[in-house]
Amino acid sequence: MEGPDSPRISVLHVDDEPGLAETAAGFLRHENEGFSVATVTSASEGLERLAEAAFDCVVSDYNMPEMNGIEFLRAVRATYPELPFVLFTGKGSEDIASDAISAGVSDYLQKRGGAERYTLLANRIENLVAQHRAEEGLRTRVRQQAAVADLGQYALRGCGLDALFERAVESVSEGLDTEYSKVLEYRPTSDDLLLRTGVGWQPGLVGEAAVGAGDESQAGYTLKTAEPVVVEDLRTETRFSGPPLLVDHDVVSGISVIIGTPEDPWGVLGTHTTAQRRFTEDDITFVRSVANVLTDAIEREQLEQDLQQAEQRYRTLLENFPAGSVFMYDDELRYLIARGEQLSVLGLTPADIEGKTMDEVFPPDVVTEQTPRYRAALEGEEQVWIQQYEGTYYRLHALPVETDNEKHVGMVVSQDISDLYPAE
């Protein structure tokens, strides 16, 4: 018997004798309440049903008019090469079994016997479907991992955020076989999420449509909880209401994850489908991995923008201190900018300093003395001190720097004041 949380199994049973088909369907449902059994009386009807709906397993008789079980099996394999197929026949022989194996049958079972034969059939179906789902799940995970790796490489090539977003939503829809995917950008001023990029949506919506950032939308709920939100049936959802963007596209199931961090959310990555679906933990991990690639790319671009703004903002300082140097650093004491004529006095170039931490550039005694001052400046306390280095006196002024994204950045202006000290 199936447990309440066990996945359902959809079976297509093909038998030209309706009474036997219904009897078999009844026995299968009795053996496993999770079985959903559809019956048809010909192979041609069976092919039509397979084209209309997804099934987990096909059970077919052998001796049927127009097309026998082996011919039906070959037709199924031409379109569905991996679908579990059981030949369940009262006409058994070594030749039929050999032909069935050659045609790619998953299992072969004769009808003779009592009710225990249906118990055996149910067990065979369960095992075949479980194996098929495990193999298909593995193939899917491999494809998803490859998609994430490809997206990461694409991001590192400096493709730009818009191009990366487009590649991301395409990868998610392909990786999960969903009709819709989207990147929503959070806009604090209007407290909503803009449809920045997407696939599958009606023309004219990308770049224009928005959803609320509160409980009126799945994306808003995701933004608030900062946890992946999985919807199996939007029509019965109670955590939030379905926004027009989803309802107008007949969305039923989907996954949404945050882009950015809970403390500093940038937006939401979501994917949706019109079919009711139970997403797996692997599916959720896939979407989160794509969102992590986007988060890293956004952070890199923001850092580059900060550096460009800082270069422009403090260029006048460099001009005002032609005989000095200006250093900018982050909360890891990593130098973001190093400019000025004094660098050559120290035997250094900007490339020797930028991107490195203080202890990677200067001797331990300098690091020990200056670290507390650098830290204090990051916290908003300006610091001024005199430093002697290899016989030269420097006046150093450390102060905090305001940035657009509220990151902790400090600046140190260094001037040679040796002329104020008499030569020894």
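The values are calculated or read from the model by the stated rules, or taken from the named source; none is laboratory data. It should be emphasised that the depicted structure is a prediction, and the values quoted were computed from it without experimental measurement. Glycine also receives a Cβ, built like all others from the backbone with ideal geometry; neighbour counts cover every protein chain displayed. These area figures cover heavy atoms from the full protein model, side chains too; ligands, DNA and RNA do not enter into them. Shrake-Rupley method; radii C 1.70, N 1.55, O 1.52, S 1.80 Å.
By how many nm would the segment from Glu369 to Ala53 grow when fully extended, if each residue of separation counts as 0.36 nm and the alpha-carbon distance is taken off?
This chain segment gains 106.5 nm when fully extended.
Work from the charge dipole of the chain (Cβ charges, +1 for Lys and Arg, -1 for Asp and Glu, about the Cα centre) and give the residue of Thr89, Thr222, Tyr421 farthest towards its positive end.
Thr89
With a point put 7 Å past each Cα toward its Cβ, work out how far Glu402 is from Tyr80 in nm, to one decimal.
In this crude spin-label approximation the distance works out to 6.6 nm.
Determine the per residue accessible area of region 140-196 with all protein chains present and a 1.4 angstrom probe, expressed in square angstrom.
50
Hey, with R₀ at 30 Å, roughly what FRET efficiency would Ala97 and Asp177 work out to, going by the Cβ-Cβ distance, to 0.05?
My answer for the efficiency is 0.30.
Could you calculate the contour length gain from Thr261 to Ala149, that is, 0.36 nm times the residue separation minus the distance between their Cα atoms, to one decimal place in nm?
That pair, Thr261 and Ala149, stretches by 38.2 nm at full extension.
Say each of Ile417 and Asp296 gets a label point 7 Å from the Cα, pointing the same way as Cα to Cβ; how far apart are those two points in nm?
Distance between label points: 4.5 nm.
Using a simple spin-label model with points 7 Å from Cα along the Cα→Cβ vector, what separation in nm is obtained for Asp248 and Glu341?
Going from the Asp248 label point to the Glu341 one covers 6.4 nm.
Calculate the FRET efficiency for Ser36 and Glu304 from the Cβ-Cβ distance with a Förster distance of 45 Å, rounded to the nearest 0.05.
After rounding, the FRET efficiency stands at 0.25.
R0 = 51 Å: FRET efficiency of Ala376 with Gln202, Cβ-based, nearest 0.05?
After rounding, the FRET efficiency stands at 0.40.
Could the peptides 361-371, 281-291, 165-175 be put in order, highest first, of the mean number of other beta-carbon atoms found within 10 Å of their residues?
165-175, 281-291, 361-371
Hey, quick one: spin label on Thr285, modelled 7 Å out along Cα-Cβ, who in region 133-157 has an amide N within reach, i.e. under 19 Å?
Inside the label zone: 133-152.
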